[in-house]
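Since the structure comes first, as C-alpha cells, the remarks are kept for the end.
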Amino acid sequence: MKLFITRIVLALRNFQQWLVAQVMFGFLNFLKLFPADGAIRFADRMMRRLGRRTRRHRLMLVNLRNAFPEKSEAEIEEIALGSWGNMGRLAAEYVFLDQLFDFDPEKSEPGRVEVSGIPVFLDLRDNPRPFIVFTGHTANFELLPVAGAAFGLNVTVLFRPPNNPYVAKKVFDFRSERMGKLVPSHAGSSFALARQLEAGQGVGVLVDQKFRKGLKGTFFGREVKTNPLLPKLVRQFDCEVYPARCIRLPGNRYRLEIEPRLDMPRDAKGNLDLPAAAQLLNDKVESWVREYPEQWLWYHDRWQIKQTLAP
C-alpha cells in the first residue's frame, strides 16, 4: 500500500511538472506571433504586474532593503519592479535569441548587440590557453556564451538546469545549439570543467548563486557563502580569470563586456588565497549590481533570508 501511494504521489508530481512546462511553452509560443520588440516589452509589463503579487516579491524587497539601506521605499519598489521586468524580458528573449544576436565583428556600425573588450576575445581565441570567464545573473547573461561562440572561442559553460525536467530538457537543447558545450551543474561537473582546462580550453561559470557549504565572505556587506569551484580550479591549473557581463541598453539593445584579466590574490607563500579569491568575485559582481540594480535577479535567496520570513 505504501509503495502504491508513493507511486501515485510521484505520478501527480510528474503531471504537475508537465503541466507547468506546457503552460510555459504555450506562453513562449504565443510570443512568437509578435515582433521581437513588442513581445519583449509585453513580457516586461506582464511580469511587473504578476511579480509583485508573488511571495518572492517579499523576499526581493527584503534583499533590496538590506543591500541599499540608504534608499527610500519608493526607490526599493521601483528596483524590484524593474527586476521583475528584467526576468520577463529574459524569458521572451529566449524566443527571439537568434534574431537578437546580430553582432558581426566585421561591421563598423553597432547593431542591437555591441561588444566591449573585443581584443580580449581575439587574444583568447588566437593564443589558446586555459582560462575561466565568470559572470552573474545580470541582464541577459545568456548572450555571453553566444558571443563567445561567435568569436570562435571553445568555451565549456557550467549551468544549473531548471528543477522542472521538461523545462530543463528544452532549455538544454536550446542552449546547446547556440552556446557550445554545456555541463549541467551536479556532483561531477567539476571534473568535466577540469578536463577542459587541462586540455588548454576555456570554461564559463556563474558565481553569484547561493552555496550552502561555500567559502565565507560578504556581498553587499552581509555574510554569504560562495561556491569554491572557480578558486579551486585556478589553484589547480593556474589559469587566467576574466570577468564578463551583459548590460541592457535603451531600445532593447545590449552591451556585452569582457574585462581585462583579474589578478587573483595570493598568500605570503605565493599560493592562491581561496577566501580572498571568492571575495574578489563577490566584489566584482556587487560593483555590477550597484551600477544597474534593476538588471539583477533579486528574487534569488542569496543571503538565505527566505527561511527567516514568516509565511
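The values are calculated or read from the model by the stated rules, or taken from the named source; none is laboratory data. Computed from a predicted model, the values in this text were never measured in an experiment. Glycine also receives a Cβ, built like all others from the backbone with ideal geometry; neighbour counts cover every protein chain displayed. In case anyone asks, the SASA skips ligands and DNA or RNA and just uses the protein heavy atoms, side chains included. Shrake-Rupley method; radii C 1.70, N 1.55, O 1.52, S 1.80 Å.
Got a number for carbon plus sulfur as a percent of the chain's accessible area, 1.4 Å probe?
Values: 9020 of 16390 Å².
After summing per-atom areas, the C and S share lands at 55 percent.
What does a probe at residue 112 reach in segment 231-252, counting residues whose amide N is under 16 Å from the point 7 Å along Cα→Cβ?
Output list for this probe position: 247-252.
Excluding ligands, DNA and RNA, what is the solvent-accessible area per residue of the chain at a probe of 1.4 Å, expressed in Å²?
53
Starting from the Cα coordinates of the chain, work out the convex hull volume and express it per residue in Å³. Can you show the working numbers first?
Numbers: hull volume 51.2 nm³, N = 311.
Value for the chain: 164 Å³ per residue.
Return the long-range amide H neighbours of residue 200 (sequence gap of 5 or more, or a different chain), with a cut-off of under 5 Å between placed amide H atoms.
The list, which skips near neighbours in sequence, is empty: none.
Hydropathy at least 1.0 by Kyte-Doolittle, axial extent at least 30 angstrom from the Cα trace: which helices of the chain, defined as entire DSSP H runs, fit?
Span-like helices, by this rule, are 2-31.
Using a simple spin-label model with points 7 Å from Cα along the Cα→Cβ vector, what separation in nm is obtained for residue 211 and residue 269?
2.2
Evaluate the distance, in nm, between pseudo-label points positioned 7 Å from the Cα of residue 304 and of residue 122 along their respective Cα→Cβ axes.
My value for the distance between the label points is 4.7 nm.
Starting from the alpha-carbon convex hull of segment 109-293, give the projected area averaged over all orientations, in nm².
On the way: hull surface 46.5 nm².
Computing the convex hull of the Cα atoms and averaging its projections yields 11.6 nm².
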